[in-house]
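Where a number appears in this text, it was derived from the coordinates with a stated rule and is not lab data. All values derive from a computational prediction rather than experimental measurement. Note that each Cβ is placed from the backbone with ideal geometry, even for glycine, and that neighbours are counted across all protein chains shown.
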Amino acid sequence: METDVTVTYKNNKYYGAGIYDDARGLAVVISIAAVLNKFNIELDASLMIGATVGEEGPGNLRGAKYFFKTHPEVDAFISVDIDAPNEVIYRATGSLRYIYTFNGSGGHSYSDFGRPSAVHAAARAITHIANLTPPTNPKTTFNVGVMNGGTIPTAIAEEAMIYVDMRSIDANALTLLHSQITNLVAQAVDEENEHWSMTDSPFAINVMSELKGDRPAGSQSDTAIPVLAAMNAARSLGLTPRLSEPASTDINAPLSIGVPAIAIGGGGKAYDEHSTNESFDPTDSHLGPQRVLLTVLTLLGIKGVTTATLTKR
């Protein structure tokens, strides 16, 4: 809340935290509503226009998840999230983020030497995790992004934690990776306790896990109706359509439950996203809203002019 979101204009660029991601997406969907109303365009099927919250990081897609929990009747979903007006994101990278916290009794590094250390157990866990070789197809990744614990060099650490990020486009591969890492963490705790013969001792190390993020994976064919509609809309504007690599966006939520979904660009060019120096170059930015509108009209049809290409699920 304390972030300064004042917008400034310099050298044909607008500067401000969040000026593109995703203030641009909001501007685009508002413009779509304005055009439909101004020209009295009556669609052949129903359209819902809205904005979500909590898409990023700790937000854990809570807005999109809630929307689909309360609107199971929706047949397709479009997210305006990226900048390039010719790209189509149609696959969703899922992620799980866990904090593993190791706890023990601690003690003096000299007089209590021989007691298990929470930091040593965490280090053993990281070593085991680092030696994993996940599948490359589907692409599956892991990262121990944060480790901390202990207090001073002369104290056996009472507590330590590691923060692990796991990702895959395949839900089963992600589940398997999580199981492997959890087992390796438990193995590390056992090894630390057994090393000092403290397995059944009150000084033994234990570990707890806490889920910090759950973004479901999802995929669909590149010939799904919304994908084709967005590709053709780009072509009609003289653009060369391109299928993007999987990403983590609001479309994770619908794709994970079988609802066709795409993320497409709002036009213009974004720089330094997620920073307080984020900026937006509006050159040719009209192509984003035009492409979104054409995609919507293709999917839903115009009453008395065209029929909807989107089918009921």
inquiry  = With angles folded into 0 to 90 degrees, how steeply does helix 171-195 sit against the dominant principal axis of the chain? Use alpha carbons for both and round to 10.
reply    = 10
request  = Taking the chain as the reference, fit the longest principal axis to its C-alpha atoms, fit the long axis of helix 225-236 to the helix C-alpha atoms, and give the angle between the two in degrees, 0 to 90, nearest 10.
outcome  = 60
remark   = Rounded to the angstrom and largest first, Cα extents along the principal axes for the range 214-287 equal 35, 35, 16
task = Give, rounded to the nearest 20 debye, the magnitude of the charge dipole that the range 1-117 has about its Cα centre when Lys and Arg contribute +1 at Cβ and Asp and Glu contribute -1 at Cβ.
result = 280
Degrees, to the nearest 10: 287-300 long Cα axis against longest axis of the chain = 80
key: Extreme residue, positive dipole direction of the chain, given options A261, F203, Y271 (C-beta unit charges)   = A261
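Dipole size in debye (nearest 20) for the chain around its Cα centre, Lys and Arg Cβ +1, Asp and Glu Cβ -1?
It comes to approximately 1060 debye.
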query = Which value in Å is the Kirkwood Rh of the range 148-239 over different Cα pairs?
reply = 17.7
message = Restricting to Cα pairs below 8 Å that are 6+ residues apart, what does the relative contact order work out to for the range 34-186? Please round to a whole percent.
response = 24
key: the chain, helix-only ellipticity at 222 nm - DSSP H runs n ≥ 4, -39,500 (n - 2.57), divided by all residues, nearest 500   = -9500 deg cm²/dmol
ask   = Taking the Cα centre of the range 198-284 as the origin, how large is its charge dipole in debye, to the nearest 20, when only Lys and Arg (+1) and Asp and Glu (-1) carry charge on their Cβ atoms?
value = 340
request  = Determine the percent antiparallel among the DSSP beta bridges restricted to the chain, to the nearest 5.
outcome  = 85
key: Pairs from K38/K65; K13/K269; K139/K312; K38/K303; K69/K139 whose Cα-Cα separation, in the structure shown, is over 21 Å   = K38/K65; K139/K312; K69/K139
